[in-house]
Structure formats: structure tokens, C-alpha cells
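Okay, structure first, notes after.
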Amino acid sequence: MIPATLSYRRASSVDEALGMLAEHGEDAKLLAGGHSLLPLMKLRLAAPEVVVDIGRIEELRYVRTEGDVVAIGAMTRHHDLHTDGVAGREVPLVAHVAGEVGDPQVRHRGTIGGSLAHGDPAADLPAAVLACDATLVARGPDGAREIPAAEFFAGLFTTALGPDEILTEIRVPRAADRGWGFEKFTRRRFDWSIVGVAVLGGSPTQPAVGLVNMGEAPIRATAVERALAAGATPAEAAEHAAEGTSPPDEPHASAGYRRHLATVLTARALERAAGGSPAGL
Amino acid sequence: MEERRVNVTVNGEPKVADVEPRMLLAHFLREVLGLTGTHIGCDTTNCGACTVNFDGKPIKSCTMFAVQADGHEVETVEGISRASELHAVQEGFKEEHGLQCGFCTSGMMMTAKALLEENPNPTEEDVRWALSGNLCRCTGYQNIVKSVLWAAEKMRSEAAVRR
């Protein structure tokens, strides 16, 4: 499959990329690792006239602690995030989930910024940054702005990013002392999650629960979080995992099956986050 | 029609070509350079038949533009043997019957080679995890895993002799 004809521009800095976006407007698409955009272009579901390659912007490839947060450059590849010592220690949920995306080949190219900016509800990392209450930093012609993860994912393949903005950094609160759990169910190891659940555990606040592929956008399992806050056990709270969701209904998995799976996986992820090992695993 | 110059080191040799920016790396390798050992299977980032090593790490060449490889190093299955001597991974696939139809084999071998360079002593689980992005439609996984473990053993014993 061959993408439509395109014009290729390569940016070596964020400023240069912003200039290219300003010049080409809605005709342009940003190319990071290419593992969300290229498959769509090959199917001609996307046919941007101009592709702005930001995958070589080294200033956006880093993981470092800054006070209470770990700052992750948007062009950090999944493999590098997964194997990063600081990320593994300070934001283990995000580091773990980065190692669960796709397969090794995909993780060698795909970036956290590209994955989040794509806004795919079936992707794993959005649920993790939601559960961690991360903040996303976008730069545009008027400077930088911070967007809470809870306000970033607006709908199917839609985010709060403007067409003239670039996601530059993901700021994840340090959580070395908090338990976590991530469960995903796939047919083959590298498939998109049929359903996935990311949990950032208890102390100092209640557990936070992010859901993969349970609606048009990546979402939090707010009913589960409310139940836990009201004193429910993890098993009881997990029964609420599908409340308020609208999971896709398609041949691989019906909506009803996904609702059931969400409750099972949420129970397991909560148990793992609490330091336990789910029964039967 | 826009063309871009691509400078890429393929199997140790510098290559230069002017290509359309929409050209995929897999097509560049096969059609521009004539290196047809890299196969295109599913063409949808699933099967891993098109796996090549990009700066030493396995990637799926159907999911990358050739222009993205500009200035980088690519290794394909054509580059892993030396003169008439097979690479240990190739020998392993021969000894342990690691292929049936052979379509997935070059991708499997590139992934395996990168694994063994990073981890000379992998467990069976390590091998299966490393190969999780490569599909074999003949479902010959048992022998593929045996082949990689055979190659690991061979490479370790060769390294021991050299020491």
C-alpha cells in the first residue's frame, strides 16, 4: 500500500517545526515515529499534503526529574522510556505501559508524544497518563501551555491540540511510593487492547483508574474511583468499571464482552496495585 | 513530483538515491536497491516479515519512509553472512528446521540477530518475547525458537574460543 503523494519537510527544532505548521496550516501533519500516522496514510485514511518530520528533534528526547514530576520529552521512544532508569523508578506505571505498546519493532520507532497526540482510544499510554494525572505541554505560536491529561483527550482521534501546536512534553507526578497495575487483553501479543486498565494505587489519595478502548476517547473509570472513595473493596469497586462507558461493538469483541472484560481486568489491576497477585494468574 | 535525496548506509555500504518522499523503506530496499530478501507480508505493521535492523534495532520497514532513514544505518538479511560463511542465526534456522515456506524467515532472523547482540544468553521466554512482533503463518514457532537458541549457543561457544 502506497501513501498519497506528499511534500516532506524536516524540522530540526521545535521553533522550525512551528514555522512549518504556521506556513502550511491544516494541510500539514506532524510525523514523529510514524507508527500511528503511516498506517493511516497507507490506507489513505489520512492524506496530508505536507508531512513535517519532527522525529529528529533531539531536544524533545529526554526523561528527567524536575521537582515533583518526571518530565518526558515527547519524542522519547517507547523502548527508551520503558528501559529508562529514572522512569522505571519514579513513574513505573508509565514506564511499564511503554513496554506493553505493540511489539519490539513498534517500540523502537513509536514515541509517547505521537501516541498521545494521535488520540486513539485503543492505545495504552493515554490510559496510563490519565491514571497518573499527568500534564501535557503544548507549544504553539503564542508560546507554551499546559493541558491536564483529563482535558486532553476530546474524542475519537481528537485532542485538545490545535493544528498549529506541537505536544512537547509529558509531565508525570513522581509516584515511586505508589503501587500500580496494568492489565490488557489482546488476541495476539502485539494487538491493540480489546480492553486495558491502568491503575495508579492508593496513597496518598484514592487509586486512579484509566481505561483503554472503552469509549470514543481514553477515559477514567470514575465510577470505580467513587466506589473506592466510599469504602468499597477493590472487587466491589471493579464491578462498576463499565459504568458510563460506551465501548466499541465490533466482530472481534462485542460491547457487552468488553464491559465484562473491563470489570475483570479492573479487579486484577486494582489487586496488583495494592501489592497482591490476582488469583488464577 | 517532489524528490528527496536519501543517503543511507545499507549493509555497511553507502547508498544514495533520489526518491519520492512517500516511498516506504521496504520498497526502497527492494525496488531501488534490489535487496529482495526483505519481504513485504501484511503491509500493515503486523507480521514483521519486512523487519530490518535500523541503527542496530529491529524495525518494520513497511512503516517507515525511506526519507526517515536518511543518514542512518540499515542492515538487511543480505548483509548478515560474511563471504561464504552463514551467520550463526542462519545456520541455526538450517540446523533446527526453523523455516517451512520461508516467507517470514528473513524478518525472524533480523529480529533474532539483534536480540543476540543485546543478550547473548537468552532464555526461551526472552526469545519468544523478542519475536512477539514476527508472525509465522506456517506456525513453526517451536523450531524458530529452537533455531535462535541454537544460534545463541553457537555464538557463545565461538566467543569462548576467541577468548
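Every read-out reported here was derived from the displayed coordinates using simple, explicitly stated rules and does not represent laboratory data. Note that this is a predicted model, so its numbers are computed, not measured. Cβ atoms come from the backbone with ideal geometry, glycine included; neighbour counts cover every protein chain shown.
Per residue of A:51-57, how many C-beta atoms from partner chains lie within 10 Å of its own C-beta, taken as a mean?
The mean count of partner-chain Cβ atoms within 10 Å per residue comes to 2.
Starting from the Kirkwood radius over alpha-carbon pairs of segment A:58-173, derive D by Stokes-Einstein at 37 °C in a medium of 0.692 mPa s and give it in µm² s⁻¹.
Estimated via Stokes-Einstein, D reaches 237 µm²/s.
Any chance you could check the Cα centroid distance between segment A:1-52 and segment A:118-160 for me, in angstrom?
With segment A:1-52 and segment A:118-160 each reduced to a Cα centre, they are spaced 19 Å.
Could you work out the relative contact order of chain B, using alpha carbon pairs under 8 angstrom and six or more residues apart, expressed as a whole percent?
It rounds to 23 percent for chain B.
Determine the calculated [θ] at 222 nm for chain A from helices alone, applying -39500 (n - 2.57) to every DSSP H run no shorter than 4 residues and normalising by the residue count; nearest 500 deg cm²/dmol.
Roughly -8500 deg cm²/dmol at 222 nm, from the helical runs in chain A.
Can you quote the Å³ per residue value for the convex hull of the Cα atoms in segment A:220-281, rounded to an integer?
84 Å³
Quick one: net charge of residue B:95's neighbours, Cβ under 10 Å, K/R +1, D/E -1?
+1
Can you pull the mean other chain C-beta count within 10 Å for peptide B:62-75?
Neighbouring Cβ atoms belonging to other protein chains average 4 per residue here.
Which whole-number percent of Cα pairs in the protein assembly as shown have a distance greater than 39 Å?
Here the tail beyond 39 Å accounts for 23 percent of pairs.
Compare A:113, A:210, A:162 in a GNM of chain A, Cα atoms joined below 10 Å, and give the one with the largest fluctuation.
Ranking A:113, A:210, A:162 by mean-square fluctuation puts A:162 first.
What value does segment A:89-234 have for Rg/Rh, both radii from Cα atoms and Rh as Kirkwood defines it?
Result for segment A:89-234 is an Rg/Rh of 0.96.
Taking Cα atoms, how many degrees apart are the long axis of helix A:14-24 and the longest axis of chain A, rounded to 10 and kept between 0 and 90?
Roughly 70 degrees, rounded to the nearest 10.
With a cut-off of at most 10 other beta carbons within 10 Å, and DSSP calling the residue loop, which trypsin sites (Lys or Arg not before Pro) in segment A:1-99 qualify? Please list them.
none
Calculate one ³J(HN,Hα) per residue across segment B:106-116 by plugging θ = phi - 60° into the Karplus curve 6.51 cos²θ - 1.76 cosθ + 1.60, and present them in order as whole Hz with x for glycine and proline.
Rounded to whole hertz, the list is 5, x, 4, 5, 5, 4, 5, 4, 5, 4, 5.
Relative contact order of chain A: what whole-number percent is it, with Cα pairs under 8 angstrom and at least 6 residues apart?
15 percent
Going by average Cβ density within 10 Å per residue, which order do the peptides A:136-143, A:34-41, A:228-235 take, highest to lowest?
Most protected by this proxy first, the peptides run A:34-41, A:136-143, A:228-235.
Considering only C-alpha atoms, what is the centroid distance from segment A:182-198 to segment B:2-67, in Å?
Comparing the Cα centres of segment A:182-198 and segment B:2-67, I get a distance of 29 Å.
In Å, what Kirkwood hydrodynamic radius results for segment B:88-162 from the alpha-carbon pair distances?
It is 12.0 Å.
Could you please rank B:154, B:94, placing first whichever residue has the fewest other Cβ atoms within 10 Å of its Cβ?
The order, fewest Cβ neighbours first, is B:94, B:154.
Below 13 angstrom from the Cβ of residue A:223, what's the summed charge of the other residues (Lys, Arg +1; Asp, Glu -1)?
Result for the neighbourhood of residue A:223: -1.
Charges only on Cβ, +1 for Lys and Arg, -1 for Asp and Glu: so what's the dipole of segment A:128-217 about the Cα centre, in debye to the nearest 20?
Here segment A:128-217 has a charge dipole of around 460 debye.
Roughly what angle does helix B:141-162 make with the longest principal axis of chain B, taking Cα atoms, 0 to 90 degrees, to the nearest 10?
Taking Cα atoms only, the helix is inclined about 80 degrees.
Let me confirm one metric for peptide A:102-115, namely the mean number of other chain beta-carbon atoms within 10 Å of its residues' beta-carbons.
For peptide A:102-115, the averaged partner shielding equals 6.
Can you return the lysines within cross-link range of residue B:146? Criterion is Cα-Cα under 17 Å, with same-chain partners fewer than 8 residues away left out.
The qualifying lysines are B:94, B:113, B:154.
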